[in-house]
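To start, the structure under review is shown below, and the notes come after it.
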Amino acid sequence: MASALSASAETTRAAELVCDQCEGQLGEHPDLVFVFFSQHHVEFASEISETVRRRLSPGCLIGVSTVAAIADTTELESSPGISLLAARAPGVRISPFSSDMLPAWDGDELSRTRFSEIFGGGPDHRAAFFFADPFSTPLIKLLPAMNEARGEGAASPILGGLASASQSPGGNAMLLNDRVLRSGAVGVSLLGNVRVDTIVSQGCRAFGPNLVITKSQRNLIFELGGKPALEAVSEAIEALPGEQREGLRSGLFIGRVIDEYKSRFGRGDFLIRNVVGVDHNRGAIAVAEPVHVGQTIRLHMRDAATAHEDLALLLDAQRLYDPPAGVLLVTCNGRGRRLFGVPNHDAAAVARAFAGPVPGETLAKPGKAIEPPGAPPVPLAGCFANGEIGPVGGRSFVHGHTACMALFRPGDR
């Protein structure tokens, strides 16, 4: 695999520079190319597509606009950027799709079969990558359908994110081969001889006891363990040492257990959602998704130290295996400098995990390709997203404030 990054503000030049870097590492005709481009290049997205297809002749090209492009150890926040991740994939079938190609998921056998065919589901499905415009894509229906379309019993990951270059409808762009979409979503499924391991670092610290929802309506929790929900939450917060309560300044979250059949719940078993309000009159709390009676939750808090430790632990676990051939990173636009106070946190963490200390940062100058000293330890590219897509408990969800990664390794023939 190969990765590349340019900070040129001129779109065609930036696209040419990342193609130059890719050719130097991988040559022409990669089977799959991901490209990520900042808001500065959205109006010229067709030029990016044309340049990459002309220069590299990829088997499949997929791309999305972002508030910050990422490659190797650099996260280009608030500046022009195009990043690229390219792969040769012998023995892998690549199945591209877009949201306007997918039929409605009506639950009947015919629509399910047709959806799965276009999505690329089946027994040899290994992963899907999916990038969507947040203003025009009904993910509340589409993502569950994609989870089902992988195939019966399949746990292959769906990973990606929501375009973040613009906060207005029509302001983002997605690429799929020769198409430029200003709404909807694009995706690609990988089938066959590839292994895709994933990391979803939610960066939250649990506190208090596990609590069972005993009364709820839609996204309102009225009772936890038979107590008014607000009372149960207040008790858990009051039991915290004073210094730990500082973590609540960034908000209160619940972790909803994904697999209720487990006897114990730990890291990776919870889907994190914001607490978005309270109803003092009814003693209720409101959370950012529908809930129902019988679900188990635990309270969580988020802070930079916890997010750093969580990502480091998950990357350490990946060091038990061979280094990946490449990494695709989709991280939240609320991370980066805003959360950690330093640049390049998530990208540098990957480099440290697989190659030790990160070399001194290369300054980004407009019109210059960014080339870290020596070859990157692991080719990496990706983007900041307005919502990240990644798996928890065998199914993929939309997250916030996470770092989601796909680590590509050879499959078993």
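Filter region 324-346 down to the residues that are assigned to a loop (DSSP other than H, G, I, E, B) and under 15 Å from A163 (Cα atoms) and list them by number.
Selection gives N333, G334.
Restricted to region 12-34, and to residues that are polar (S, T, N, Q) and touching a residue at least 60 places away in the same chain (Cβ under 8 Å), which residue is farthest from P410 (Cα to Cα)?
Per the criteria, the residue is Q21.
What single numbered condition from (1) without any contact (Cβ under 8 Å) to a residue 60 or more places away in the chain; (2) under 20 Å from H401 (Cα atoms) fails to hold for K141?
(2)
Looking at (1) closer than 27 Å to S49 by Cα; (2) touching a helix residue (DSSP H, G or I) at 6+ places or on another chain (Cβ under 8 Å); (3) part of a helix (DSSP H, G or I); (4) not polar (S, T, N, Q), which one does I118 not meet, given that it meets all the others?
All conditions pass for I118, except number (2).
Yes/no per residue for (1) at pLDDT 95 or above; (2) among the β-branched types (V, I, T):
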residue: S38; (1), (2): yes, no
residue: V42; (1), (2): yes, yes
residue: A45; (1), (2): yes, no
residue: R55; (1), (2): yes, no
residue: G59; (1), (2): yes, no
residue: T66; (1), (2): yes, yes
residue: E75; (1), (2): yes, no
residue: S78; (1), (2): no, no
residue: P90; (1), (2): no, no
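Return the residue satisfying two criteria in turn: it lies in region 386-413 and is more than 9 Å from T331 (Cα to Cα) and charged (D, E, K, R), and of such residues it is farthest from the chain's Cα centre (by Cα).
Once the filter is applied, the top-ranked residue is R413.
Could you say whether any residue in region 256-264 is within 17 Å of K215 (Cα to Cα) and touching a Ser or Thr at 6+ places or on another chain (Cβ under 8 Å)?
Taking every residue of region 256-264 in turn, at least one turns out to be within 17 Å of K215 (Cα to Cα) and touching a Ser or Thr at 6+ places or on another chain (Cβ under 8 Å).
Looking at (1) modelled with pLDDT of 95 or more; (2) of a type outside the set (F, W, Y); (3) outside any helix (DSSP H, G or I), can you tell me which one C19 breaks?
Evaluating C19 over (1) modelled with pLDDT of 95 or more; (2) of a type outside the set (F, W, Y); (3) outside any helix (DSSP H, G or I) leaves (3) as the failure.
So how many residues does region 125-153 have that are under 22 Å from P410 (Cα atoms) and surrounded by 17 or more Cβ atoms within 10 Å (Cβ to Cβ)?
Residues flagged as under 22 Å from P410 (Cα atoms) and surrounded by 17 or more Cβ atoms within 10 Å (Cβ to Cβ) within region 125-153 amount to 7.
Consider region 103-126. How many of its residues are in contact with a Phe, Trp or Tyr (Cβ under 9 Å, 6 or more places away or on another chain) and at pLDDT 90 or above?
7
Against the conditions (1) out of contact with any Leu (no Cβ under 7 Å at 6 or more places or on another chain); (2) of a type in the set (A, V, I, L, M, F, W, C); (3) closer than 17 Å to M174 by Cβ, where does A45 fall short? Just the number, please.
Condition not satisfied by A45: (1).
So which of R88, R54, R112 ends up being of a type in the set (K, R) and within 23 Å of M146 (Cβ to Cβ)?
Being of a type in the set (K, R) and within 23 Å of M146 (Cβ to Cβ) holds for just one of R88, R54, R112, which is R112.
Among the residues that make up region 55-73, is at least one of them under 25 Å from P343 (Cα atoms), surrounded by fewer than 24 Cβ atoms within 10 Å (Cβ to Cβ) and in contact with a Ser or Thr (Cβ under 9 Å, 6 or more places away or on another chain)?
Yes, region 55-73 contains at least one residue that is under 25 Å from P343 (Cα atoms), surrounded by fewer than 24 Cβ atoms within 10 Å (Cβ to Cβ) and in contact with a Ser or Thr (Cβ under 9 Å, 6 or more places away or on another chain).
Condition first: of a type in the set (D, E, K, R), in contact with a helix residue (DSSP H, G or I) (Cβ under 9 Å, 6 or more places away or on another chain), within 17 Å of R114 (Cα to Cα) and not in a strand (DSSP E or B). Can you find one or more residues in region 146-154 that meet it?
There is at least one residue in region 146-154 that is of a type in the set (D, E, K, R), in contact with a helix residue (DSSP H, G or I) (Cβ under 9 Å, 6 or more places away or on another chain), within 17 Å of R114 (Cα to Cα) and not in a strand (DSSP E or B).
Do you know which residues across region 32-53 are assigned to a helix (DSSP H, G or I) and of a type in the set (V, I, T)?
V42, I48, T51, V52 - these are the residues of region 32-53 that are assigned to a helix (DSSP H, G or I) and of a type in the set (V, I, T).
Considering only residues that are within 22 Å of the chain's Cα centre (by Cα) and in contact (Cβ under 8 Å) with a residue 60 or more places away in the chain, look in region 38-47 and name the one that is nearest to T331 (Cα to Cα).
That would be S38.
Mind checking which pairs have a first residue in region 48-73 that is assigned by TED's automatic domain parsing to the domain that holds A89 and a second that is among the charged types (D, E, K, R) and buried (at least 23 other Cβ atoms within 10 Å of the Cβ), Cβ under 6 Å, 6 or more apart or different chains?
Hits for this filter: A68/E75.
The values are calculated or read from the model by the stated rules, or taken from the named source; none is laboratory data. These figures come from a predicted structure and were not determined experimentally. Glycine gets a Cβ as well: all are built from the backbone with ideal geometry, and neighbour counts include every protein chain shown.
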